[in-house]
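Colleague: Before anything else, here's the structure in question.
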Amino acid sequence: MSKQNLHIVHLYPKEMNIYGDTGNTLILRRRAEWRDIDVRVSLVGIGDEVPHDADIILGGGGQDAGQDKVQADLQEKADALHKLAFDGTVMLMICGMYQLFGRAFKTGSGNVIKGISILPLETTAGLERFIGNTVYQTEFGETVAYENHSGVTSLDDKSLALGRVVQGAGNNGLDKTEGCRIKNVFGTYSHGPLLSKNPVLADLLLEIALKRKYGESAMLALLDDSLEQEAYKFAKQRPR
Amino acid sequence: MRFISLLIGKTILRGLRLLGRSGSALPGLVVEKINPGFLKKMLTDLPQGVVVVTGTNGKTTTTKVITELLEVQGLRVLTNKTGSNFVRGTVTTVIDKAKMNGALPYDIAVFEQDEAHAVHFVHQIKPRGVLALNIMRDQMDRFGEIDTTAKLIEKVVGSATSWVVLNANDERVAKMQVPEGIKTYWYGHSKELQHSFLTDDELHHQDKTAYTQAGEMTTELTSYDSQQVTFKIDGQEKVFKTALSGSHNAINLSAALTVLSAIVPTADMAKTTEAVAKLQPAFGRGETIKLKTGETITLQLVKNPGGFTHALRMLELRSYDTIGMAVNDDYADGRDVSWLWDVDFAVLEDTDKTVVCGGTRAYDMAVRLKYDGVKTTANERELAAFVKTINRSAADSSTKTAIIFCTYTAMLKIRSDYKNYSDEVYGVTV
């Protein structure tokens, strides 16, 4: 049997790159490699094509300036991303990229930045900044992370939320929803980076990607996650 | 009013000291409340005015170096030595150093000011000169975004009444608007040293940005190693012996020498050279502690990806058998530890050195290292246990050395803990 492989794509590493979200890419890469899976990582920036053979696509948070720079280019990539999303490609979009995967982002000055409408949601610039340690209940257990955003995001349908807020603000500080999931597209405000303390989620993303590519249900070999678990336990009891 | 304020401030300060507390904020806080114009009145009397040092990394070290370079030229320098760089810390410094009759017996003041607080400070006191070091991603849960930080620093630069010293290699500093009539002095490093100085964008982009040189440099760093640094000063190569090692210290020295030429254009070079040779690292910034049992432990403060990445390069200059990394997540450290993932630890991949993590976020640090292929030998959330482990490991090693990279509150705690192991740790714990 030839070796399995995964193609991981990181979108806009130059423009959308604050709060260590590129760490998610490193984590997926290593956790696949530790299972003897070959990994290719492509950094896709402004003007670059989205590889049609991408298995996992990641995006991170950015500053307002970064978001301004990528919005037009993202529209160019919208068709390709829609196709991949519809086809079950795993995507993990954090914070700024999560917002742009929705329909629109309304800025404080009333401008509307158009999103690519993969996720059925809208975001408005809020007055309050939501900052702090977070705990969310999701279908794959409790995740711990760190949020830092002033965007107020409303889901068209709350049942599409990725999780329910246990600690923190989540999508908007009001309805207890956090993030959004459509097919295998995961959007969330969670930094940390998210996958660093939630290895179960990291492996789930890898398993979905492998299953999509190779058909059979992938059973990933167990790794020693004791360090991650200790970090998780401690972060969970930290004050906001 | 000045005397009453001073009396009250000094009384609180004395009380705190009797209680064994350093009290860097409280006296300033009280005096600011009862006499909001206090700081301005006191500082406007200084014959050579006030110099503000700001930027993300290197403020404390550079302020200390500038102070020492000015002092050997015969100036009496008032400075906030404790690293307490908020406005009220500055007020406390003034309260402490003023005579009871209200006189402030100094020629010039050099204050380091945190980006966000510098704006408040210059709103009250217009500085004669401003040094802007660099703009890097810092604890953004406190200040917002890097472009916001750049705007804050530009305001501070714009408040100078006579001159500014700017980092010619920092893209964001280089773009700053300097008001008309204000003299700009540039400092920086040569193009050949570009590989040693990752810009903030490079840290986050994974590709190289072009070398920036915004203007003709007064002091240009051309080379450095663990013993000496070479600068081109007004076109002439000049070698300085120094104990401050690492690229970050070399560039800070370049900034300090430029500030010296702005303040004392006719500075005595022999005295400067001698002063540079005598410089010791500031509090926790590459400071080396000798233990009673013979080992030496170096403490290096790290606050953000840029600073940590530069600090890791110290490992290329000297050999340390034991490497500690202590990460706390208190307010002063930044509650968010995501930034550790913007630091590249690949230099330590598969290292055979002992690596120990400590602090409240010891396991976050250990996880981060794990994904760069670095195995940790031990992880101790309690810093007293962490220090013990480091000491034991240093004692068992051949070079009898260790270096500890630590966030702010971890540094304070570790430093204070070393009083149990060394007679050389003194100074204020904030």
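Colleague: Kindly provide the set of residues from segment B:212-228 that are in a strand (DSSP E or B) and without any contact (Cβ under 8 Å) to a residue 40 or more places away in the chain, ordered by number.
Modeller: B:220, B:221, B:222, B:223, B:224, B:228
Colleague: So, residue A:29, is that one surrounded by 15 or more Cβ atoms within 10 Å (Cβ to Cβ) and over 26 Å from residue A:150 (Cα atoms) or not?
Modeller: Details: surrounded by 15 or more Cβ atoms within 10 Å (Cβ to Cβ): yes; over 26 Å from residue A:150 (Cα atoms): yes.
Here the answer is yes, as residue A:29 does meet what is asked.
Colleague: Taking residue A:102 as meeting all but one of (1) more than 10 Å from every other protein chain (Cβ to nearest Cβ); (2) surrounded by fewer than 24 Cβ atoms within 10 Å (Cβ to Cβ); (3) outside any helix (DSSP H, G or I), write down the number of the exception.
Modeller: The number of the failed condition is (2).
Colleague: Which strands (runs of 3 or more DSSP E) sit wholly inside segment B:304-390 and have at least 2 residues that are more than 12 Å from chain A (Cβ to nearest Cβ)? If you could, list the steps in order and put the result at the bottom.
Modeller: Numbers: elements: B:322-326, B:354-358, B:378-380.
Here the list reads B:322-326, B:354-358.
Colleague: Counting only residues that are surrounded by fewer than 22 Cβ atoms within 10 Å (Cβ to Cβ) and of a type outside the set (D, E, K, R), which one in segment A:176-200 is farthest from the other protein chains (Cβ to nearest Cβ)?
Modeller: Filtering segment A:176-200 for residues surrounded by fewer than 22 Cβ atoms within 10 Å (Cβ to Cβ) gives A:176, A:181-184, A:199-200.
Among the residues that remain, those that are also of a type outside the set (D, E, K, R) are: A:182, A:184, A:199-200.
On the way: A:182: 25, A:184: 23, A:199: 9, A:200: 14 Å.
Step by step, filter segment A:176-200, then rank; the result is A:182.
Colleague: I've got another one for you. Say we look at segment B:379-419 and pick out the residues that are of a type in the set (Lys, Arg) and without any contact (Cβ under 8 Å) to a residue 24 or more places away in the chain; which of these is nearest to residue B:333 (Cα to Cα)? Walk me through it before giving the result.
Modeller: Initial filter on segment B:379-419 (of a type in the set (Lys, Arg)): B:381, B:388, B:392, B:400, B:413, B:415, B:419.
Next cut, without any contact (Cβ under 8 Å) to a residue 24 or more places away in the chain only: B:381, B:388, B:392, B:419.
Values: B:381: 15, B:388: 22, B:392: 27, B:419: 22 Å.
Of everything passing the filter in segment B:379-419, B:381 is nearest to residue B:333 (Cα to Cα).
Colleague: Moving on to the next point. Kindly check whether there is at least one residue in segment A:24-38 that is more than 23 Å from residue B:373 (Cα to Cα), touching a strand residue (DSSP E or B) at 6+ places or on another chain (Cβ under 8 Å) and touching a residue at least 24 places away in the same chain (Cβ under 8 Å). Working first, answer last.
Modeller: Step one: list which residues in segment A:24-38 are more than 23 Å from residue B:373 (Cα to Cα), which gives none.
No, the conditions are met nowhere in segment A:24-38.
Colleague: May I pose another question? Could you tell me whether segment A:70-87 includes any residue that is part of a strand (DSSP E or B) and either surrounded by fewer than 24 Cβ atoms within 10 Å (Cβ to Cβ) or modelled with pLDDT under 95 (or both)?
Modeller: Of segment A:70-87, the ones part of a strand (DSSP E or B) are none.
So far as segment A:70-87 goes, no, none of its residues is part of a strand (DSSP E or B) and either surrounded by fewer than 24 Cβ atoms within 10 Å (Cβ to Cβ) or modelled with pLDDT under 95 (or both).
Colleague: Based on this model, can you work out whether residue B:254 counts as crowded, with 16+ Cβ neighbours inside 10 Å and either away from chain A (no Cβ under 14 Å) or farther than 30 Å from residue A:42 by Cβ (or both)?
Modeller: Details: crowded, with 16+ Cβ neighbours inside 10 Å: yes; either away from chain A (no Cβ under 14 Å) or farther than 30 Å from residue A:42 by Cβ (or both): yes.
Against the criterion (crowded, with 16+ Cβ neighbours inside 10 Å and either away from chain A (no Cβ under 14 Å) or farther than 30 Å from residue A:42 by Cβ (or both)), residue B:254 qualifies.
Colleague: When segment A:16-35 is examined, which residues are found to be of a type outside the set (Val, Ile, Thr), at the interface with chain B (Cβ under 7 Å from one of its Cβ atoms) and either within 19 Å of residue A:64 (Cβ to Cβ) or assigned to a loop (DSSP other than H, G, I, E, B) (or both)? Walk me through it before giving the result.
Modeller: Going residue by residue through segment A:16-35, those that are of a type outside the set (Val, Ile, Thr) are A:16-17, A:19-21, A:23-24, A:26, A:28-35.
Imposing the further condition that a residue be at the interface with chain B (Cβ under 7 Å from one of its Cβ atoms) reduces the set to A:17, A:19-20, A:23, A:26, A:30.
Result: A:17, A:19, A:20.
Colleague: Would you be able to say whether some residue in segment B:396-406 is among the aromatic types (Phe, Trp, Tyr) and in a loop (DSSP other than H, G, I, E, B)? Spell out how you get there, then give the answer.
Modeller: Our first condition is that a residue be among the aromatic types (Phe, Trp, Tyr); within segment B:396-406, this holds for B:405.
Narrowing further to those that are in a loop (DSSP other than H, G, I, E, B): none.
No - not one qualifying residue is present in segment B:396-406.
Colleague: Which of the following residues is closer than 28 Å to residue B:339 by Cβ and in contact (Cβ under 8 Å) with a residue 60 or more places away in the chain: A:45, A:61, A:66, A:88?
Modeller: None of the other options fit; the residue is A:61.
Colleague: Could you tell me whether any residue of segment B:326-343 is over 30 Å from residue A:25 (Cα atoms) and either among the acidic types (Asp, Glu) or not assigned by TED's automatic domain parsing to the domain that holds residue B:416 (or both)?
Modeller: Checked against the condition, which is being over 30 Å from residue A:25 (Cα atoms) and either among the acidic types (Asp, Glu) or not assigned by TED's automatic domain parsing to the domain that holds residue B:416 (or both), segment B:326-343 yields no hits at all.
Colleague: Let me spell it out: the conditions are (1) in a loop (DSSP other than H, G, I, E, B); (2) free of Cβ contacts under 8 Å to residues at least 24 places away in the same chain; (3) of a type in the set (A, V, I, L, M, F, W, C), and residue B:12 meets all of them except one. Which number is the exception?
Modeller: (1) is the only condition that residue B:12 fails.
Colleague: Would you confirm, using the coordinates I've provided, whether residue B:260 is touching a helix residue (DSSP H, G or I) at 6+ places or on another chain (Cβ under 6 Å), assigned to a strand (DSSP E or B) and surrounded by 21 or more Cβ atoms within 10 Å (Cβ to Cβ)?
Modeller: The answer is no for residue B:260.
Colleague: Select from segment B:170-189 the residues that are charged (D, E, K, R) and in a strand (DSSP E or B) and list them in ascending order.
Modeller: Going residue by residue through segment B:170-189, those that are charged (D, E, K, R) are B:170-172, B:175, B:180, B:183.
Within segment B:170-189, just B:183 meets the criteria.
Colleague: Now for a different question. Restricting to segment A:114-148, what's the tally of residues that are touching a Phe, Trp or Tyr at 6+ places or on another chain (Cβ under 9 Å), outside any strand (DSSP E or B) and closer than 26 Å to residue A:203 by Cα?
Modeller: Just the residues of segment A:114-148 that are touching a Phe, Trp or Tyr at 6+ places or on another chain (Cβ under 9 Å), to begin with: A:114-119, A:121-125, A:130-134, A:142-148.
After this cut, where a residue has to be outside any strand (DSSP E or B) as well, the list is A:115-119.
Now drop any that are not closer than 26 Å to residue A:203 by Cα, which leaves A:118-119.
So the answer is 2.
Colleague: If you don't mind, there's one more thing I want to ask. Test residue B:152 against the criterion of being closer than 20 Å to residue B:65 by Cα and modelled with pLDDT of 90 or more, and give yes or no. Before you say what the answer is, go through the steps one by one.
Modeller: Details: closer than 20 Å to residue B:65 by Cα: no; modelled with pLDDT of 90 or more: yes.
So residue B:152 does not fit the description; no.
Colleague: Still on this structure: Say whether the condition of being out of contact with any Leu (no Cβ under 8 Å at 6 or more places or on another chain), away from chain B (no Cβ under 14 Å) and crowded, with 16+ Cβ neighbours inside 10 Å is met by at least one residue in segment A:143-150.
Modeller: The answer is no, given that none of the residues of segment A:143-150 is out of contact with any Leu (no Cβ under 8 Å at 6 or more places or on another chain), away from chain B (no Cβ under 14 Å) and crowded, with 16+ Cβ neighbours inside 10 Å.
Colleague: Next question. Of all residues in segment B:176-201, how many are farther than 19 Å from residue B:313 by Cα and either in contact (Cβ under 8 Å) with a residue 24 or more places away in the chain or of a type in the set (A, V, I, L, M) (or both)?
Modeller: Going residue by residue through segment B:176-201, those that are farther than 19 Å from residue B:313 by Cα are B:176-187.
Among the residues that remain, those that are also either in contact (Cβ under 8 Å) with a residue 24 or more places away in the chain or of a type in the set (A, V, I, L, M) (or both) are: B:176, B:178, B:182-187.
Residues in segment B:176-201 being farther than 19 Å from residue B:313 by Cα and either in contact (Cβ under 8 Å) with a residue 24 or more places away in the chain or of a type in the set (A, V, I, L, M) (or both): 8 in total.
The values are calculated or read from the model by the stated rules, or taken from the named source; none is laboratory data. Predicted model only: the values in this text are computed from it and were never measured. Note that we place each Cβ from the backbone using ideal geometry, even for glycine, and neighbour counts take in every protein chain shown.
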